[in-house]
Amino acid sequence: MLTEIENKKLAELLFPEVEKTTEYWEEKFPYRKLGKKAEVTRMAPSPTGFIHLGNLYSALADERIAHRHGGVFYLRIEDTDAKRKVDGAVDLIINALRYFNIEFDEGAGFGDDAEQNAYGPYYQTERVEIYHSYAKSLVERGLAYPCFATEEELSKVREEQEENKVLTGYYGKYATWRDKTFAEYEEALKSGAEHVLRLRSQGEEGKEITFHDEIKGDVQLPENIHDIVLLKKDGIPTYHFAHAIDDHLMRTTVVIRGGEWLASVPIHYELFHVLGFKMPKYAHTAHLMKFDEETGGKRKLSKRKDPELSLDFYRKDGYHPHCMKVYLLTLLNSHFEEWHEQHPDEDLNNFPFSVENMSKSGALFDKDKLHNICKNELSRLSEDEVYEFLKTWAEEFEPEKAKLWFADEEKLKSILRLYMGVGAKRRRKDLIFAKQVFELIGYFFGDESEKDEFKLGTEEEKKILAEYLNTFDYADDNSAWFNKLKAVADKLGYASDMKAYKANPEDFKGSVSDIAEAVRISVTGRANTPDLWTIIHIMGEEQMRERINAVLNA
RNA sequence: GGCUUGUUGGUCAAGUGGUCAAGACGUCGCCCUCUCACGGCGAAGACAAGGGUUCGACUCCCUUACAAGCUACCA
């Protein structure tokens with residue numbers, strides 16, 4: 001045990017450059033003046049420049065919680081790990097979220113003098129002075145000490161511990177630098193040896209803390225007994241130390257983070273208490289999972305193995321951000337889906353989002369469900385909105401083909417009206433994502449990639465087509481046109497009346513539907529399309545005849 | 001290994017001691033119909049297992065199984 005005076009001397013030895021006191025910082029970053037229900041949340045990514053679905057998922061939760069009641073949602077960059085830094089990452093993050101209509105109120109990316117910077121700096125590497133103030137105060141109070149153990153020594157201890165089947169880590173009797181004399185600390189320091197700063201943990205083995213998590217409820221956890229590293233040998237804080245200080249000084253009220261942090265809550269609990277901070281509320285979220293083909297089980301989505309985790313994956317295929325948001329919200333909050341169904345036209349932001357209704361267990365990412373949501377959401381848009389969306393996408397990802405697709409605005413819009421069922425009693429729901437849309441309507445632009453086969457054979461197909469062309473008149477309206485199909489049916493021994501056909505199918509070669517199918521396939525290459533007459537009138541007589549003749553002459 | 005969390009139909013889920021255990025996606029069938037889509041109707045399909053507590057357990061407790069996370073000078 002060091003005396004009070006020795007602690008002070010040690011602190012001075014360790015942090016001679018620190019002048020500002022913790023009180024100074026407390027005053028500089030006062031509690032925020034916000035409404036009673038307002039929460040302060042944050043997104044705190046490392047600047048790897050890689051934003052994935054999981055990040056978006058929890059950013060959405062943070063943003064909703066903050067903005068639900070006029071709170072603040074800010075961006076802090078956790079760049080304490082130098083190895084992970086990437087240039088331009090902050091803009092990448094801001095833009096990625098902006099794409100989904102998620103905006104920060106404050107934090108990194110706002111410019112140094114901005115009002116939105118009042119609790120900054122927001123880069124952890126620029127906050128070292130602050131961390132050191134608190135570190136010094138901890139040393140002064142005998143709650144932290146320098147540790148000169150080398151990596152080799154540490155791993156040797158761990159091996160020993162593993163062998164003896166005791167808890168691994170730097171604690172109790174294994175914490176060799178915990179109870180040195182002042183002279184020993186001073187001597188090691190003077191030798192210039194590398195060292196870290198460790199917490200002198202006050203926890204007791206066997207004791208428990210009970211911790212309330214907003215999602216999981218009350219959780220019993222063992223008290224922290226580890227003398228964890230506060231400051232790394234380069235003076236940069238570890239996540240734990242930075243988390244406590246930053247979220248306290250930035251006056252965060254709710255910390256929403258991945259479930260992998262639940263296990264380190266005891267550390268945070270002790271840190272907050274030892275530093276004299278009030279703990280924020282915590283919500284530990286479950287991870288997005290995926291079905292693993294190899295093992296046949298669920299597993300966490302990993303950015304290495306799963307391309308669909310990357311936001312770019314969805315951007316490339318042209319998923320509309322609104323659809324992604326709806327899907328994520330249905331995963332995020334169990335009551336959202338029902339609410340959205342009841343209020344289809346309400347702004348998503350009016351949904352009463354609450355942490356309590358967040359899922360406890362990891363959800364499997366379900367592409368079918370996503371697609372269903374896309375269909376529904378897209379079908380509610382106007383053809384102009386869809387047109388603009390497709391155009392933006394195509395210009396970025398298919399610039400060559402875009403020229404062809406968007407050469408005739410009216411034509412594309414007619415196609416969209418057809419495929420969306422604009423004007424019909426009910427909308428169609430054919431559109432899922434941009435790439436899929438262009439595959440769907442590719443035949444309008446000469447895309448012959450795959451042709452369906454006519455089930456009654458080529459000979460029959462040619463007979464039907466020849467007869468069809470004979471009587472075809474571009475000026476016919478939809479019903480006149482269809483009556484001619486019926487006439488073709490009668491002439492070739494097919495039933496023109498579906499009811500008659502269904503009553504006695506053996507009396508006919510087939511029905512009008514087969515006539516229509518032959519024409520449909522030769523014109524569009526597909527057995528299934530929306531209204532054929534409309535298609536023909538969008539593409540024009542010339543293109544129709546060309547396509548039919550191509551089949552006839554094959 | 002230790003600590004922690006989780007487990008309701010194929011998937012997402014409601015549910016908080018008494019329900020014929022919601023709903024959505026998917027699947028299948030029927031209807032509508034020139035195909036498809038849309039829409040309508042219907043069907044199949046679940047409380048991980050075993051012990052308790054209780055008049056009564058999906059709900060509370062214990063054990064087991066399975067899954068996930070943590071066990072760093074990474075976050």
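The numbers here are math on the coordinates, done by the rules we state, and not lab data. Note that this is a predicted model, so its numbers are computed, not measured. With ideal geometry, Cβ positions are generated from the backbone for all residues, glycine too; neighbour counts draw on all protein chains shown.
A few remarks follow.
- Label-to-label distance for A:LEU469 and A:HIS371 is 3.6 nm, based on points extended 7 Å past Cα in the beta-carbon direction.
- Summary of the geometry: region A:218-280 and region A:146-166, compared by the centres of their Cα atoms, lie 23 Å apart.
- Of A:LYS8/A:LYS232; A:LYS325/A:LYS403; A:LYS216/A:LYS278; A:LYS156/A:LYS207; A:LYS36/A:LYS281; A:LYS462/A:LYS484, those spanning more than 25 Å from alpha-carbon to alpha-carbon: A:LYS325/A:LYS403; A:LYS156/A:LYS207
- Mean residue ellipticity (222 nm) of chain A, computed from DSSP H runs ≥ 4 via -39,500 (n - 2.57), nearest 500: -13500 deg cm²/dmol
- Backbone amide hydrogens, once placed in the peptide plane, bring A:TYR123 within less than 5 Å of A:ILE77, excluding anything fewer than 5 places away on its chain.
- Of the trypsin sites (Lys or Arg not before Pro) in region A:1-77, those whose Cβ has at most 13 other Cβ within 10 Å and which sit in DSSP loop: A:LYS20, A:LYS33, A:LYS36, A:LYS37
- Interchain or long-range residues, amide H under 5 Å from A:ILE209's placed H: A:LEU221, A:GLU223
- Filtered GluC sites (Glu not before Pro), region A:83-171: DSSP coil and at most 15 other beta carbons within 10 Å: A:GLU103
- Extension gain, A:ALA487-A:ASN101: 0.36 nm per intervening residue step, less the Cα-Cα distance, totals 133.5 nm.
- The convex hull built on the alpha-carbon positions of region A:383-445 has an orientation-averaged projected area of 3.9 nm².
- Over region A:458-552, the ratio between the Cα radius of gyration and 2.2 N^0.38 Å evaluates to 1.03.
- Here the label points at A:LEU34 and A:SER155, each 7 Å from Cα along the C-beta direction, are separated by 4.4 nm in the simple model.
- The stretch between A:SER310 and A:GLU459, if pulled fully straight at 0.36 nm per residue, gains 48.7 nm over its current Cα-Cα span.
- A Förster radius of 30 Å, combined with the Cβ-Cβ distance separating A:MET498 from A:LYS411, puts the computed FRET efficiency at roughly 0.40.
- Shown here for region A:312-414: GluC sites (Glu not before Pro) in loop regions (DSSP other than H, G, I, E, B) with at most 16 other Cβ atoms within 10 Å, namely A:GLU346.
- Selection from A:GLY318, A:ILE65, A:GLY120, by position along the positive dipole direction of chain A (Cβ): A:ILE65
- Cysteines without a disulfide-compatible neighbour (Cβ-Cβ under 4.7 Å), chain A: A:CYS147
- For chain A, DSSP calls about 55 percent of its internal beta bridges antiparallel.
- Built from the Cα atoms of chain A, the convex hull projects on average onto 34.8 nm², one quarter of its surface area.
- Less than 5 angstrom separates the built amide H of A:ILE256 from those of A:ARG42, A:ALA283, all sequence-distant by 5 or more or on a different chain.
- R0 of 51 Å, Cβ-Cβ distance A:LYS403-A:ALA114: FRET efficiency to nearest 0.05: 0.75
- Averaging the Cα positions of each part gives two centres, and for region A:13-46 and region A:474-522 these lie 77 Å apart.
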